[in-house]
Amino acid sequence: MARAGLGWSAADLGAKAGLARETVARYESGSTIALSTIVAMRNALEAAGADFLQISGKVGVVVPKVAE
């Protein structure tokens, strides 16, 4: 999961994407949410350095190493 790889909580992702933590939690639990919400989360993750890849029909993500 990209946000975990960045060391972010659901609240962190929500704040960076301009969304409520509950919206992030609904998405992660499998609920249907608006495409614009997914785009906002992806944009926030990409701005932090996450790189989404699609290989052989599968999607993966590479994130920069989080400083300890």
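Please treat every number below as a calculation from the coordinates, not as lab data. It should be emphasised that the depicted structure is a prediction, and the values quoted were computed from it without experimental measurement. In this analysis, Cβ positions are derived from the backbone assuming ideal geometry, glycine residues included, and neighbour counts consider all displayed protein chains.
Tabulated values for the structure
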| quantity | calculated |
| --- | --- |
| Subset of region 1-13 that is surrounded by 14 or more Cβ atoms within 10 Å (Cβ to Cβ) and not small (G, A, S) - its residue that is nearest to the chain's Cα centre (by Cα) | R3 |
| Criterion (loosely packed, with under 12 Cβ neighbours inside 10 Å, at negative phi and out of contact with any His (no Cβ under 7 Å at 6 or more places or on another chain)) met by exactly one of K65, K16 | K65 |
| Where a residue in region 33-54 is in contact (Cβ under 8 Å) with a residue 12 or more places away in the chain and surrounded by 14 or more Cβ atoms within 10 Å (Cβ to Cβ) and its partner, wherever it lies, is assigned to a strand (DSSP E or B) and not polar (S, T, N, Q), with Cβ under 6 Å and at least six apart | A50/V61 |
